[in-house]
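Note sheet for the following structure.
The values are calculated or read from the model by the stated rules, or taken from the named source; none is laboratory data. All values derive from a computational prediction rather than experimental measurement. Heads up, the Cβs are rebuilt from the backbone with ideal geometry, glycines too, and the neighbour counts pull from every protein chain shown.
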Amino acid sequence: MIQFVFEVAIGGLLSGVMYSLVALGFVLIYKASGVFNFAQGSLVFFAALTFVGLTEHGLSFGVALVVTLVVMVIAGLLIERLVLRPLVNQPQISLFMATIGLSFFIEGLAQLAWGANVRGLDLGIQDEPIAWIADGTGINISKFDLMAAAIAAVLVTALGLFFSRTRIGRALRAVADDHQAALAVGIPLQQIWGIVWAVAGFVALVAGMLWGARNGVQFALTFVALKALPVLILGGFESIAGAIVGGLIVGCTEKLAEVFIGPHVGGGIEGWFPYVLALVFLLVRPEGLFGEKIIRRI
Amino acid sequence: MLYREAGQFKSSYAADSAILPIRQDRIGLAIILAVAFVVIPLTASPYLFSAILIPTLILALAALGLNILTGYAGQLSLGAAAFMAVGAFASYNFVLRIPGIPLLLAFAGGGVMAAAVGIVFGLPSLRIRGFYLAVATLAAQFFIVWCLTKIGWITNYNPSGVITAQRMQIAGITFDTPAEKYLLVLTIVTLMALAAKNMARGNIGRQWMAIRDMDVAAEVIGIRPMRVKLLAFAVSSFYCGVAGALFAYAYLGTVEPEAYSLDLSFRILFMIIIGGVGTVLGAFLGSAFIVVVPIFLSISVEFLDNSLHLGVPSSVGSNLQLMVFGGLIIFFLIVEPFGLARIWQITKEKLRLWPFPH
């Protein structure tokens, strides 16, 4: 029994890493431009579909990866240029709605270009339990999940270093702090926003490939974004660390709840449990785990 | 020239606080109401009723509800469809379990039930705001729809989950044909829109707007945030609940949880953004836009396909529609972030001078 609990918990943690990966895309853009980018889920879908579509056309893994990366970066830059820039200084809700419109557009485009069939995506990692752990402790841990978690960890570390060590990263944080002050000290705002969107496109690609390999490349990938939202409120919209920790909490509790509470209430509680968890959590800490505490004055 | 208030004097407080202080507005509204109540029922085809007019009116009512919450009270919500679902299922159960209950009372009961649920899910708004609240309202969306699917008592243990709505009958009159349903919906929506307009410009509406604009300042001048916010949630959910009941009874003819998906919530949010946040008129304009544009797009794709013999597969057509729809929304937000209601305001300003330049 205790082994089973551990197995579920670890499986949940590892899938939580995948949630964090999607949430990361949200955080990046929210931090830098204050836009709550609902289209991130569609970008994930678009990236995975483009990659699979290209490999189906006979491109090798590496070439397809590079081409998709270029496509995603261009897509990010185009979104910034065509959608977000004309909407600068509009109320946040307008920007949010624009990204919902954008998600419709991207979903339509992706399926128009590559068709709506469900496809498999093979990354060459077997989805099987790791033998020596299973033998030693009786706990099954998927090799694939572990790899996905490792990739996510590398990505997060790289982004963390990028943000804290490089010149562009510092400029990014300055923009996130205060647009006007950043402009005043000579940081090219629009260039920075372009970079953020390009990076978000890249993160979407990684998330899309991992999720696509796990669940198949299909329209349901766009719903991954909905799973990332409770992660965001748990962790705080502005925090990369929050996205990671939030993802782990959501992944773990959701699986545990589904396995141990689900059967008593008819199942299917995975869909809303993270939200209710996040809601209850917010009542205690309104700004999330790592969100910035806002001091309100008149 | 055509639209000028010069020469119209107000000689009493009642005239000063009228909903429509300008004569042209009154005439215009009278014409619109006359067309809606008399001309359209006599002339329109059943298709026009059931595909465009009825859903436009019902969704306008839901948009009105969301506009009260989001537009006037400033609490962003992504769960409007869930409250519609509560209204629909509560009405269904009232009609089912209380024999002889008047239908309108059942609809109102559905609204009250939705309001009660709305208050519960409005409680977090006392602590959190902005996008945190928006995501929190998603909890309502998923949780309520899950409850409606899983709890057998609500659906009267119907195995398929799709329930046929009871016949609509009020005071011995049945509402079966599209034209009759349309008139019923139109009457309810008109009355509730009038109520919303009066709430918005009265004491409650001003309190909502004060909370929206700066809640700390509003609190300082003696507005109780808890009461006002929860009232906004209650009123908004009541409107959504009645709209949801009408949606099931007058439009779909069935009561089913799947009809009230997240997608519908987003569509209602689109309506108020495209129509104009914080306006009653905007709810109607936005609703008409969101209902008509997809129909128009699908007809035009079909028309192009047939006339040019392109042989476009239907999946391409639907994806093109999705793209155009998304693109249009972005376009509208960029061109007119304050919505169609603002375009109407600008037009009115222009009409004051027209055809003279000054």
Going by the structure shown, is residue B:50 within 18 Å of residue B:290 (Cβ to Cβ) and of a type in the set (Gly, Ala, Ser)? yes
Before we move on, is residue B:250 out of contact with any Leu (no Cβ under 8 Å at 6 or more places or on another chain), part of a helix (DSSP H, G or I) and among the small types (Gly, Ala, Ser)? no
Out of all the residues in the range B:151-191, which are touching a residue at least 12 places away in the same chain (Cβ under 8 Å) and part of a loop (DSSP other than H, G, I, E, B)? B:154, B:155, B:156, B:161, B:162, B:165, B:166, B:168, B:171, B:175, B:177
Being more than 9 Å from chain A (Cβ to nearest Cβ), closer than 30 Å to residue B:198 by Cα and either charged (D, E, K, R) or not in a helix (DSSP H, G or I) (or both) narrows it down to one of B:241, B:282, B:278, so name that one. B:278
Going through (1) touching a helix residue (DSSP H, G or I) at 6+ places or on another chain (Cβ under 8 Å); (2) part of a helix (DSSP H, G or I); (3) more than 23 Å from residue B:63 (Cβ to Cβ) one by one, residue B:137 fails only at (3)
Just for the range B:59-85: of the residues that are part of a helix (DSSP H, G or I) and touching a Leu at 6+ places or on another chain (Cβ under 8 Å), which one is nearest to the other protein chains (Cβ to nearest Cβ)? B:70
Just one of (1) part of a helix (DSSP H, G or I); (2) free of Cβ contacts under 8 Å to residues at least 60 places away in the same chain; (3) within 8 Å of another protein chain (Cβ to nearest Cβ) trips up residue A:109, so point out which. (2)
Tell me, please, whether a residue that is of a type outside the set (Val, Ile, Thr), closer than 30 Å to residue B:25 by Cα, more than 9 Å from every other protein chain (Cβ to nearest Cβ) and crowded, with 23+ Cβ neighbours inside 10 Å can be found in the range B:264-273. yes
Picked from the range A:78-95 (must be surrounded by fewer than 20 Cβ atoms within 10 Å (Cβ to Cβ) and not aliphatic (A, V, I, L, M)), the residue farthest from the other protein chains (Cβ to nearest Cβ) is A:81
Looking at (1) among the aliphatic types (A, V, I, L, M); (2) within 14 Å of another protein chain (Cβ to nearest Cβ); (3) over 16 Å from residue A:200 (Cβ atoms), which one does residue A:64 not meet, given that it meets all the others? (2)
Filter the helices (runs of 4 or more DSSP H) completely within the range A:189-281 down to those with at least 3 residues that are within 10 Å of chain B (Cβ to nearest Cβ) and within 20 Å of residue A:27 (Cβ to Cβ). A:224-235
May I ask you to list pairs of residues, at least six apart or on different chains, whose Cβ atoms are under 6 Å apart, with the first in the range B:10-33 being loosely packed, with under 11 Cβ neighbours inside 10 Å and the second being of a type outside the set (Ser, Thr, Tyr) and not in a loop (DSSP other than H, G, I, E, B)? none
With respect to residue A:98, determine if the residue is facing chain B (nearest Cβ under 8 Å) and within 30 Å of residue B:212 (Cβ to Cβ). yes
Checking residue A:248 against (1) surrounded by fewer than 24 Cβ atoms within 10 Å (Cβ to Cβ); (2) on the phi > 0 side of the Ramachandran plot, which single condition isn't satisfied? (2)
Looking only at the range A:236-260, which residues are of a type outside the set (D, E, K, R) and under 10 Å from residue A:19 (Cβ atoms)? A:243, A:244, A:246, A:247, A:248, A:249, A:250, A:251
Residue B:313 vs. criteria exposed (fewer than 15 other Cβ atoms within 10 Å of the Cβ), without any contact (Cβ under 8 Å) to a residue 12 or more places away in the chain, more than 23 Å from the chain's Cα centre (by Cα) and within 14 Å of chain A (Cβ to nearest Cβ): yes
Would you point out the residue of the range B:90-133, among those that are away from every other protein chain (no Cβ under 14 Å) and not in a helix (DSSP H, G or I), that is modelled with the highest pLDDT? B:102
Quick one: which residue in B:189, B:135 is of a type in the set (Val, Ile, Thr) and either exposed (fewer than 15 other Cβ atoms within 10 Å of the Cβ) or more than 30 Å from residue A:35 (Cα to Cα) (or both)? B:189
Which number in (1) in a loop (DSSP other than H, G, I, E, B); (2) within 22 Å of residue B:284 (Cβ to Cβ); (3) more than 23 Å from the chain's Cα centre (by Cα) marks the one condition that residue B:42 misses? (1)
Taking only the range B:139-153 into account, find how many residues are more than 8 Å from chain A (Cβ to nearest Cβ) and modelled with pLDDT of 75 or more. 8
Looking at B:287, B:300, which one is assigned to a helix (DSSP H, G or I), away from chain A (no Cβ under 14 Å) and either at pLDDT 85 or above or crowded, with 20+ Cβ neighbours inside 10 Å (or both)? B:287
Inspect the range B:218-236 for any residue being in contact (Cβ under 8 Å) with a residue 60 or more places away in the chain and not in a helix (DSSP H, G or I) and give the result as yes or no. no
Go through the residues of the range B:265-272 one by one and say whether even a single one is over 15 Å from the mean Cα position of the chain (by Cα) and at pLDDT 85 or above. no
